[in-house]
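A.B. asks: Before I ask anything, let me first share the structure, which is written out below as structure tokens.
The values are calculated or read from the model by the stated rules, or taken from the named source; none is laboratory data. Quick caveat, the model's predicted, so the values are computed rather than measured. All Cβ positions, glycine included, derive from the backbone under ideal geometry; neighbour counts span all protein chains shown.
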């Protein structure tokens, strides 16, 4: 009997995306049940908690999510009393986001859950392999966000 292929495409970006999406899909319902929030909502909550006073534009840039989805997530977090907003005294169109005490508690629960789920996700890897994977991802992350990478794309006439 032939073994089912894990990936339909062997491109690196495809494989990274599939691994991430499968893990998110498997864990999203767990996060929703335990915290009342989906993974994307928790990511935004974490960003607000890490940077009190952050703005919509900063969250948009940090997450890479679509504008309308980011807006819906923020509205959901506001409605759940996990974050609150303050209008800018200089520009009424700008508002600053901060985490409520309830939001901080949800984030603590999510962090503990995330730690436990990550152990399960990385179970097939040894400690040395995890260290190597983390180092490689850090290098790739720095590279794809660098000016040199964008310059290389431009030079290759890709963009």
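A.B. asks: Which count do you get for residues in the stretch 122-141 that are within 21 Å of residue 18 (Cα to Cα) and either in the same structural domain as residue 19 (by TED's automatic domain parsing) or not in a helix (DSSP H, G or I) (or both)?
C.D. replies: Qualifying residue count, the stretch 122-141: 4.
A.B. asks: Then there's this: Can you confirm whether residue 138 is in contact (Cβ under 8 Å) with a residue 40 or more places away in the chain and either more than 23 Å from residue 26 (Cα to Cα) or within 16 Å of the chain's Cα centre (by Cα) (or both)?
C.D. replies: For residue 138, the condition - in contact (Cβ under 8 Å) with a residue 40 or more places away in the chain and either more than 23 Å from residue 26 (Cα to Cα) or within 16 Å of the chain's Cα centre (by Cα) (or both) - is not met.
A.B. asks: Now a separate question. Surrounded by fewer than 17 Cβ atoms within 10 Å (Cβ to Cβ) and in a strand (DSSP E or B): is that true of residue 85 in this structure?
C.D. replies: Yes.
A.B. asks: Scan the stretch 34-62 for residues that are loosely packed, with under 14 Cβ neighbours inside 10 Å and over 16 Å from residue 111 (Cβ atoms) and jot them down.
C.D. replies: Those that are loosely packed, with under 14 Cβ neighbours inside 10 Å and over 16 Å from residue 111 (Cβ atoms): 52, 53, 57, 61.
A.B. asks: Can you spot a residue in the stretch 142-151 that is in a helix (DSSP H, G or I) and assigned by TED's automatic domain parsing to the domain that holds residue 55?
C.D. replies: no
A.B. asks: For the structure I just gave you, tell me whether residue 54 is touching a strand residue (DSSP E or B) at 6+ places or on another chain (Cβ under 7 Å) and under 27 Å from residue 20 (Cα atoms).
C.D. replies: Yes.
A.B. asks: Also, quick follow-up: Identify, from the list 68, 114, the residue that is in a helix (DSSP H, G or I), surrounded by 13 or more Cβ atoms within 10 Å (Cβ to Cβ), under 19 Å from the mean Cα position of the chain (by Cα) and on the phi < 0 side of the Ramachandran plot. Outline the logic, then answer.
C.D. replies: Values: 68 fails: surrounded by 13 or more Cβ atoms within 10 Å (Cβ to Cβ).
Only one candidate passes the filter, namely 114.
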